[in-house]
Amino acid sequence: MTKPHIAVVGAGIVGICTAYFLSKSGFKVTLIDKNDPGTMTSYGHACTFADYACVPVNSPDLFKEIPTMLLKSDGPLAVDFLHVFKNFSWAYKFLQNCTANKVEYISNSLGNLLNNASTSYDEIFNDVDVSKYIKNEEALYLYQNENEFLKAKISNTVRENNGVKIKILSKKEILDMEPNLASVFYNGQLFMGSRHTTNPQEISNKIFESFINNGGNFYKKSVKNILPNEVGVGLSYDETTHNFDKVVVCTGAWSKTLTKNYGDDFPLDTERGYHVLFNNNDLIKRPIGWSQSGFYLVQLEEGLRAAGTVEIAGLHKPENKKRTKMIEIQARKLLPQLNEVKSTWLGFRPTLPDSLPVIGQSEKSKNIIYGFGHQHIGWTLGAVTGKIINSLCNDRVPNINIEPFKPNRFN
């Protein structure tokens, strides 16, 4: 019996991993994206496999912290109030998910997914050799002062309850490990067992190449519409409708545009993230996070990248130069030896009001499967999402509880 022909729309890391697993299962798979694989949000992030990142942006303390955060020009959060006003329903739903009970549920749900993230990638990496692009030096997070460190104890307890191992380090221990850091921090912590990449684009390329070599197809096309029918799903591109047995939507921050036409209208917004690339090598050995401004420093093959922060401003505003300048200033505060800036970047993280992704079948059609909304941990969750979708396409129950991620939870 011939297996179905499945289209995966979206060639970021989630789509690439999904296409890889489906192809390995024997499906005929076509991957479609208007951009080259791995070149959008999957390229510009902080490069950590952040399986410790089970603490959501939602927080019971957010109500009292927002005014202070917004007044800080060097803080981790920036908000375009006109955008928030136009999308007030999203903001309201987000705040509804900031209660203690909701945050515990979100953290546990993310923790369950993250606990399977590394092993899912290892299934791919046993087949696809990317060892030269992966480093096992554990991520370090620095606290600016004692108050920041004490506030983090609540988040660290949540992490530890979800299996994350944390080692607290003194300033001296940190400077012994990373002697090029300026002595501008109070203390820090290691996320034990974490790893990172020095070239996310090459990892995407290698997984994509394996998919192609296994018989997969890639079309560089812009999908305009998804048209479910009685026997399958049509995709509209090149002014023609192309029919598939199943369609997987992995289009990140752009997913809402595709799904709302046939009635699946998700409260999807965007966490805009930035990076600044410096012309430096060998200043640091591991990813280094900074509590003051919410970004990570990481040494890549192409230079030293400072990446992160959150800006709520939608898909269409141009790059906020104040954010990239702030990241540059704060990065130089930590590493005064930094050379000139080579480039800056703006990316769009898909985010839902409960900080959980959408993974599962559409209620409108069992032949449409979703895998999007991973906010700032899409890189980490790419492989485990692909494995879950592969199970669904094979009519198997995933070995992970995906009830928290069901597409109809906002109805």
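Observations, loosely collected:
- Among residues of segment 167-196, those that are in a strand (DSSP E or B) and out of contact with any Leu (no Cβ under 7 Å at 6 or more places or on another chain), counted: 4
- Checked against the criterion of being loosely packed, with under 15 Cβ neighbours inside 10 Å, at pLDDT 95 or above and touching a strand residue (DSSP E or B) at 6+ places or on another chain (Cβ under 6 Å), the candidates ILE203, ILE168 yield just one match: ILE168.
- All positions within segment 206-259 that are at positive phi and surrounded by 22 or more Cβ atoms within 10 Å (Cβ to Cβ): GLY252
- For segment 363-392, the set of residues classified as at pLDDT 95 or above, farther than 22 Å from THR197 by Cβ and in contact with a helix residue (DSSP H, G or I) (Cβ under 6 Å, 6 or more places away or on another chain) consists of ILE369, TYR370, ILE389, ASN390, listed by residue number.
- Considering the conditions (1) within 19 Å of the chain's Cα centre (by Cα); (2) closer than 23 Å to GLN144 by Cα; (3) free of Cβ contacts under 8 Å to residues at least 40 places away in the same chain, LYS256 is excluded by exactly one of them, (2).
- Of the residues GLY163, GLY193, the single one that is more than 15 Å from THR48 (Cβ to Cβ), of a type in the set (Gly, Ala, Ser), touching a helix residue (DSSP H, G or I) at 6+ places or on another chain (Cβ under 9 Å) and open to solvent by 40 Å² or more (accessible area, probe 1.4 Å) is GLY163.
- Positions within segment 8-32 being under 17 Å from VAL223 (Cβ atoms) and in a strand (DSSP E or B), in sequence order: VAL8, VAL9, VAL29, THR30, LEU31, ILE32
- Count of residues meeting criterion [hydroxyl-bearing (Ser, Thr, Tyr) and part of a helix (DSSP H, G or I)] in segment 197-240: 2
- Hey, ILE369 buried (at least 22 other Cβ atoms within 10 Å of the Cβ), under 28 Å from ASP127 (Cα atoms) and either more than 17 Å from the chain's Cα centre (by Cα) or free of Cβ contacts under 8 Å to residues at least 24 places away in the same chain (or both) or not: yes
- Exclusive hit being touching a strand residue (DSSP E or B) at 6+ places or on another chain (Cβ under 6 Å) and under 30 Å from ARG332 (Cα atoms), set THR251, THR198, THR241: THR198
- Here GLY216 passes the criteria (1) among the small types (Gly, Ala, Ser); (2) more than 23 Å from VAL29 (Cα to Cα); (3) in contact with a helix residue (DSSP H, G or I) (Cβ under 7 Å, 6 or more places away or on another chain) except the one numbered (2).
- From the options THR2, THR39, residue that is at pLDDT 90 or above, in a loop (DSSP other than H, G, I, E, B) and open to solvent by 40 Å² or more (accessible area, probe 1.4 Å): THR39
- If the condition is being touching a helix residue (DSSP H, G or I) at 6+ places or on another chain (Cβ under 7 Å), part of a loop (DSSP other than H, G, I, E, B) and open to solvent by 10 Å² or more (accessible area, probe 1.4 Å), then segment 340-361 contributes only ASP354.
- Filtering segment 54-80 to residues that are modelled with pLDDT of 70 or more and touching a strand residue (DSSP E or B) at 6+ places or on another chain (Cβ under 9 Å) leaves VAL57, GLY75, PRO76, LEU77, ALA78, VAL79, ASP80.
- Selection over segment 93-148 of residues that are open to solvent by 40 Å² or more (accessible area, probe 1.4 Å), within 18 Å of VAL298 (Cα to Cα), assigned to a helix (DSSP H, G or I) and among the hydroxyl-bearing types (Ser, Thr, Tyr) gives a count of 1.
- Every residue from segment 228-254 that is modelled with pLDDT under 95, touching a helix residue (DSSP H, G or I) at 6+ places or on another chain (Cβ under 8 Å) and over 17 Å from GLN361 (Cβ atoms): none
The values are calculated or read from the model by the stated rules, or taken from the named source; none is laboratory data. These figures come from a predicted structure and were not determined experimentally. Quick reminder, even Gly has a Cβ in these numbers, built from the backbone with ideal geometry, and neighbours come from all protein chains shown. Just so you know, the surface numbers come from the protein's heavy atoms only, side chains and all, with ligands and any DNA or RNA stripped out. Shrake-Rupley method; radii C 1.70, N 1.55, O 1.52, S 1.80 Å.
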